[in-house]
Amino acid sequence: MAQEIWWASPSFWRKSAIWVTGLSFVILIFLTFDTVKQITAGSPRVPAYSVINKRIDYVFNTERNFQVPVIGQDEPLFGKMLTEEEAEALVSHGKLTTQAKNCMNCHTLLGNGSYYAPDLTKSWLDPSWGSKEAREQGMVDFLMNPQDRLHNALGRKMPNLGITEDEAKATVAFLKWMSSIDTNGFPANFKPIDQADAPVAAAPATAEPAPEVSAAPAQQ
Amino acid sequence: MSALGILTNANLNGGQKLAVKYFTVAIALFGAQVLFGLLAGIQYLNPDFLFGILDFSVNRMLHINAMVVWLLFGFIGSVYWLLEDESGVPVAGLALGNLIFWIFTLAVVVVVLVYLLVQVGPGELKSIWLINEGREYIEAPRWADIGIVVCVLAFFYNVAATFMKGKFTGIAGVLVLDLIALAGLYLAGMYYTPNISMDQHWWWWVIHLWVEATWEVLVGCLMAYGLIKTMGVRRKIVETWLYIEVALMFGSGILGLGHHYFWIGTPEYWFTIGGFFSALEPIPLVAMVVHAVFDAGHHKLKSTNNPALAWIIAQAFGNFFGAGVWGFMHTLPQINLYTHGTQWTASHGHLAFFGAYATMVIAFLYIALQKWRGGVYMSSNLAGAWKWKWAIFLLHLGMIAMVMGLLIAGYEQSQIERAIEGSTWMGYFTAQAHPWFVQGMFWRQIGGWVFAAGFVLLAWDLMTIGKRETRPALVHSEAEGT
Ligand code: HEM
Ligand code: HEM
Ligand SMILES: [Fe+2]
């Protein structure tokens with residue numbers, strides 16, 4: 001035990017630990033600056049809150065090889081065009097409602113949370129709302145009185161969380177905004193609600209939609 | 001020292017008297033965690049159970065918050081436990097530490113009562129300040145966040161000042177730096193934003209950089225001390241291993257954070273960075289197994305405290321399987337696209353938290369009880385040893401049954417809901433109604449009951465172990481010799 005092999009000495013490993021930790025942390029900080037910039041509302045990946053004035057779809061993009069949110073024509077929520085500030089206030093009220101009512105301890109949002117109820121990332125686009133016309137009011141009614149509206153054979157109901165009409169509308173705004181976030185194709189293979197204006201008689205149901213060039217988020 | 005086998009604070013030093021208070025609250029909250037886990041599990045099988053009274057969200061929040069708090073209390077207790085021993089001097093500012101314990105405990109009680117009785121609030125900022133923040137694991141309202149930060153600062157002062165005054169060992173150095181990081185990270189979880197991507201981005205700083213970096217290193221320190229205590233392993237060996245573990249854990253775990261940045265709006269470069277570094281995270285966990293098992297084998301499994309050693313070995317394997325293997329299974333984006341946010345995640349969460357953290361705290365409870373009873377014998381041929389043996393067996397059996405049930409449910413869910421049905425509302429329920437899923441939930445519940453039985457036995461054993469024992473604890477040379 002007279003002399004010490006360098007790689008078995010505490011001081012070598014102490015220094016390694018410090019350097020490795022420091023280096024990893026510095027890299028993380030650099031990446032964080034870039035990431036925070038890219039996920040600030042109003043960027044290509046995370047649209048501005050006023051996107052709730054538009055139609056939002058989720059369409060397969062051949063270049064990226066997964067579905068991406070596509071922002072379309074004007075389609076104001078509850079028929080009212082909002083300014084950026086109004087939209088932010090509304091979405092924020094909705095976000096606060098999701099926190100105060102603890103949605104994430106039953107649902108996942110962006111895939112994080114609890115697994116007792118469906119993921120809400122694309123709930124704005126869920127085909128089960130029936131039609132595009134019925135959707136807004138349907139969502140508000142559901143959120144205010146979910147306990148009377150069972151949609152599954154398991155008997156798993158959402159409880160009444162005391163959501164007011166204002167809170168319900170704001171929550172719908174939040175959900176609509178959330179569906180516009182570019183989530184790199186999560187959830188995969190999602191089948192969005194039909195949002196075409198006039199029902200198309202025999203649309204080829206299985207064919208891939210043509211690659212959207214127009215408003216697809218500019219991201220390679 | 002008073003008579004052997006009698007539980008009395010006279011056997012403890014100042015820090016240890018405080019430690020056992022933390023341990024007592026920890027074990028009570030562990031019981032609460034099990035209780036609310038069982039209630040939430042029942043609701044999967046029978047959704048009408050307590051519907052509108054204690055909804056799933058409330059039970060689940062209490063389940064995971066009780067977990068976070070009992071583990072933190074267990075860690076804080078463990079650090080107070082080893083503080084005077086490791087530094088060689090009395091705890092600096094112990095009176096403050098005691099005061100903080102009572103404030104912390106009172107705050108926890110108030111938060112729990114509000115969760116139970118108020119449950120939800122209006123969609124306003126004041127709900128987040130007073131009722132709950134609605135963000136998984138860190139639901140505690142903002143006033144409590146601030147309280148927690150104050151308490152942790154006081155705790156940190158105790159630790160750092162004591163080591164400063166006495167010996168500043170290698171374990172001490174790692175511990176002090178780690179506690180700074182651990183407390184600092186909590187701040188990342190304390191702000192409100194309407195932007196859910198930003199929210200999740202910082203939320204993962206707290207959750208991931210806690211469990212896959214700072215907590216992991218904290219238990220590394222506890223493990224190092226535990227091995228010295230139970231088996232008399234040489235300090236130099238233990239501390240060298242600790243540095244290796246820190247290098248590997250921080251080197252993989254810090255950038256491994258990226259495995260949570262695949263689908264929340266964050267850029268695509270995280271696929272590569274998160275996938276690569278998180279795939280390396282099992283390596284330090286292998287190192288920890290090698291370390292513990294090698295030392296145990298080297299000392300021929302002869303220890304001064306058999307139950308503690310058994311839990312330390314359980315920790316090494318539990319950490320490796322729960323975090324390392326179960327984590328690795330779903331960490332690459334190519335699989336995580338389908339497993340993200342399914343029961344697969346729950347399977348991993350259970351095995352990892354139990355295997356890596358619950359086990360370590362339990363090991364410390366046994367180390368503490370031995371001294372609390374005056375340094376009683378706790379090696380082989382201990383009277384009533386069946387209790388700790390059956391407790392560790394039932395807790396593991398129950399946990400493994402739960403984890404396997406959840407994993408099978410998770411396989412089914414990722415295939416049917418995620419891959420085939422594309423995660424719609426209907427797709428979700430198609431998968432939830434599938435017999436494989438329902439059977440998974442059923443076996444989880446059976447596992448839950450077995451686990452609960454193990455918990456009861458554990459609590460009973462902790463109250464009684466060494467009670468009528470008259471032999472003194474072995475000392476290390478004897479433990480090796482016999
Ligand atoms: C003791 C250490 C660990 C603990 C306690 C732990 C615990 C958890 C928990 C509770 C979650 C779910 C979080 C939520 O509620 O959304 C989670 C998620 C995850 N963990 Fe770990 N983990 C540990 C280590 C690891 C390691 C080493 C890896 C990878 C090798 C890993 C990979 C993952 C991944 C990929 C997810 C995301 C799952 C998803 O997409 O839904 N974990 N972990
Ligand atoms: C009686 C035994 C237990 C039962 C019946 C139980 C049940 C549950 C249930 C029903 C959930 C909600 C999952 C969901 O959202 O669908 C849950 C979550 C969780 N439980 Fe347990 N649990 C038990 C013990 C434990 C133990 C001992 C630990 C760790 C020490 C633990 C850690 C967790 C974690 C980390 C989560 C969140 C998982 C995630 O979000 O991925 N549980 N548990
Ligand atoms: Fe992680």
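The values are calculated or read from the model by the stated rules, or taken from the named source; none is laboratory data. Being a predicted model, the structure only gives us computed values, none of them experimental. All Cβ positions, even for glycine, are placed from backbone atoms using ideal geometry, and neighbour counts span all protein chains on display. Heads up: the accessible areas ignore ligands, DNA and RNA and are worked out on the full protein's heavy atoms, side chains in. Shrake-Rupley method; radii C 1.70, N 1.55, O 1.52, S 1.80 Å.
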Put simply, what bits of region B:35-60 lose 10 Å² or more of accessible area when the other protein chains are there, versus the chain on its own (1.4 Å probe)? B:Gln43, B:Tyr44, B:Pro47, B:Asp48, B:Phe51, B:Asp55, B:Phe56, B:Ser57, B:Arg60
Helix B:56-87 axis, angle to chain B major axis (alpha carbon atoms, nearest 10°): 30 degrees
Calculated from DSSP helices alone, with each H run of at least 4 adding -39500 (n - 2.57) and the total divided by the residues of the protein assembly as shown, [θ]222 nm to the nearest 500 comes to -20000 deg cm²/dmol
Name the GluC sites (Glu not before Pro) in region A:48-117 that are in a loop by DSSP and that have at most 13 other C-beta atoms within 10 Å, would you? A:Glu63
Accessible surface buried once A binds B (1.4 Å probe; total of both sides; Å²): 7300 Å²
Just the number, please: carbon plus sulfur as a percent of the accessible area of region A:45-179, 1.4 Å probe, no ligands or DNA/RNA counted. 52 percent
Between A:Asp166 and B:Ala385, what is the spin-label point distance in nm, taking each point 7 Å from the Cα along the Cα→C-beta axis? 6.8 nm
Please identify every one of the trypsin sites (Lys or Arg not before Pro) in region B:395-482 that sits in a loop by DSSP and has no more than 16 other beta carbons within 10 Å of its own beta carbon. B:Lys467, B:Arg468
Please list the non-local residues whose amide H lies under 5 Å from the amide H of A:Lys54, H modeled 1.01 Å from N, same-chain partners needing a gap of 5 or more. A:Glu75
Residues of type aspartates and glutamates that B:Lys389 reaches as a straight line, Cα spacing below 15 Å, ignoring anything fewer than 8 places off in the same chain: B:Asp461
For the pairs A:Lys15/B:Lys229; B:Lys167/B:Lys302; B:Lys17/B:Lys302; B:Lys165/B:Lys387, note any where the Cα-Cα span goes beyond 32 Å. B:Lys165/B:Lys387
Peptide B:428-434 - average C-beta neighbours from other chains (10 Å radius): 4
Partners for A:Lys122 among lysines (Cα-Cα distance below 17 Å; same-chain residues under 8 apart left out): A:Lys54, A:Lys95, A:Lys132, A:Lys169, A:Lys176, A:Lys191
Accessible surface of region B:303-477 [probe 1.4 Å, protein heavy atoms]: carbon and sulfur percent: 75 percent
Taking the Cβ of A:Lys176 as the centre, find all other residues whose Cβ is under 11 Å away and add up their charges (Lys, Arg: +1; Asp, Glu: -1). +3
Within 10 Å of each Cβ of B:131-139, how many other protein chain Cβ atoms are there on average? 5
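Just tell me how shielded A:151-160 is by partners: mean number of partner chain Cβ atoms within 10 Å of each residue's Cβ, no decimals. If you can, show how the numbers build up before the last one.
Numbers: counts 3, 8, 4, 9, 4, 10, 5, 4, 9, 2.
So the per-residue partner count for this stretch is 6.
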Between the helical axis of A:165-178 and the dominant principal axis of chain A, each derived from Cα atoms, what acute angle in degrees is found, rounded to the nearest 10? 60 degrees
At a probe size of 1.4 Å, how large is the accessible area of B:Asp48, to the nearest 10 Å²? 100 Å²
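With N set to the number of residues, divide the alpha-carbon radius of gyration of chain B by 2.2 N^0.38 Å and report two decimals.
Dividing the Cα Rg of chain B by 2.2 N^0.38 Å gives 0.96.
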Sorted by chain and number, the residues with a modelled amide H under 5 Å from that of A:Asn61, at a separation of 5 or more or across chains, are A:Phe66, A:Gln67, A:Val68
Can you list residues from other chains, or at least 5 along the same chain, whose modelled amide H is less than 5 Å from the amide H of B:Val376? B:Gly5, B:Ala473
Among A:Leu120, A:Leu82, A:Leu23, which one shows the biggest mean-square fluctuation in a GNM of chain A, springs joining Cα atoms closer than 10 Å? A:Leu23
Determine the per residue accessible area of region B:353-407 with all protein chains present and a 1.4 angstrom probe, expressed in square angstrom. 30 Å²
Taking chain A as the reference, fit the longest principal axis to its C-alpha atoms, fit the long axis of helix A:10-38 to the helix C-alpha atoms, and give the angle between the two in degrees, 0 to 90, nearest 10. 30 degrees
Whole-Hz ³J(HN,Hα) for each residue in region B:459-475, computed from phi via Karplus 6.51 cos²θ - 1.76 cosθ + 1.60 with θ = phi - 60°, x for glycine and proline: what do you get? 4, 5, 4, 4, 6, 10, 4, x, 4, 9, 6, 10, 7, x, 4, 5, 9
List A:Ser128, A:Ser24, ordered by accessible area with a 1.4 Å probe, largest first: A:Ser128, A:Ser24
FRET efficiency for A:Trp19 and B:Val286, using Cβ-Cβ distance with R0 set to 22 Å, rounded to 0.05: 0.50
